[in-house]
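Working notes for the structure below.
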Amino acid sequence: MGYSTILDILASIVMGGILLTTVLRLSDSAAEKTYNYSGELSLQQNLATIAQVIEYDFRKMGYCANWQNFPDPSKAIAQADSSSIKFYTDIDNDGDIDSIRYYLGPTSDLTSTPNPRDRLLYRVVNTTTPTEVNLGITQFYLIYFDALGDTVHLPITNPGIISSYEINVRVESVYAYDEQYSSAYWRQIRLVARNLKNR
């Protein structure tokens, strides 16, 4: 076997290795793009669902089908914190006042998913068992404003001064590709329940 034959074999091995590496990288890139695309779509759908539920409840804050049962809208919010809120409304439109509470649980409540940051967002109507509004939520953060538009600082001892609020929600994918979690963010700025204006 001649010297040129050995060089040809070595060159073929090197070229084959380069081609194989390129094919593997392209395959990995295609898998990552497919995974991320399907993850992004799922995230957007989850975020839209969460936003609809939250907006529906929050817009009914201070509402009652029988307005005489709710004469003072300034008492619509019972408790307010950065990651929890309790307010009164007539959720089932029967003329009776209901309470709704949203609060974000700790990461230790959700250990069944690989994402170390996702949590359970709880929704409690009256005194029923908390239901989980969870589709990969990692952040539920509220900011409150008074009638002049100034931020109401925590802790809030008089929730009656709140006239509007900002809702921030972040969701992340439950599973990661190469330890990278996709995320999506929703912010509702200065949401005002029309019933809070009736003061």
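Descriptive notes on the structure:
- Scanning region 61-76 for residues that are at pLDDT below 90 and either surrounded by fewer than 20 Cβ atoms within 10 Å (Cβ to Cβ) or within 22 Å of V169 (Cα to Cα) (or both) turns up A65, N66, W67, Q68, N69, P71, D72, S74, K75.
- Flag if Y181 is within 27 Å of E40 (Cα to Cα) and over 13 Å from the mean Cα position of the chain (by Cα): yes
- Pairs meeting the criteria (first residue in region 119-131 and surrounded by fewer than 16 Cβ atoms within 10 Å (Cβ to Cβ), second residue assigned to a loop (DSSP other than H, G, I, E, B) and at pLDDT below 95, beta carbons under 7 Å, at least 6 apart or on different chains) are V124/P130.
- Every condition in (1) in a strand (DSSP E or B); (2) modelled with pLDDT under 90; (3) open to solvent by less than 60 Å² (accessible area, probe 1.4 Å); (4) of a type in the set (V, I, T) is met by V174 except one, and the failing one is (1).
- Lone unmet requirement of (1) open to solvent by 30 Å² or more (accessible area, probe 1.4 Å); (2) more than 18 Å from G62 (Cα to Cα); (3) in contact (Cβ under 8 Å) with a residue 12 or more places away in the chain; (4) among the small types (G, A, S) for S112: (3)
- Residue within region 132-153 that is among the polar types (S, T, N, Q), open to solvent by 60 Å² or more (accessible area, probe 1.4 Å), in contact with a Lys or Arg (Cβ under 9 Å, 6 or more places away or on another chain) and not in a loop (DSSP other than H, G, I, E, B) present: yes
The values are calculated or read from the model by the stated rules, or taken from the named source; none is laboratory data. Everything numeric in this text was worked out from a predicted model, so none of it was measured. Because the Cβ atoms are built from the backbone with ideal geometry, glycine has one as well, and the counts that use them run over all protein chains shown. For accessibility, only protein heavy atoms count, side chains too; no ligands or nucleic acids. Shrake-Rupley method; radii C 1.70, N 1.55, O 1.52, S 1.80 Å.
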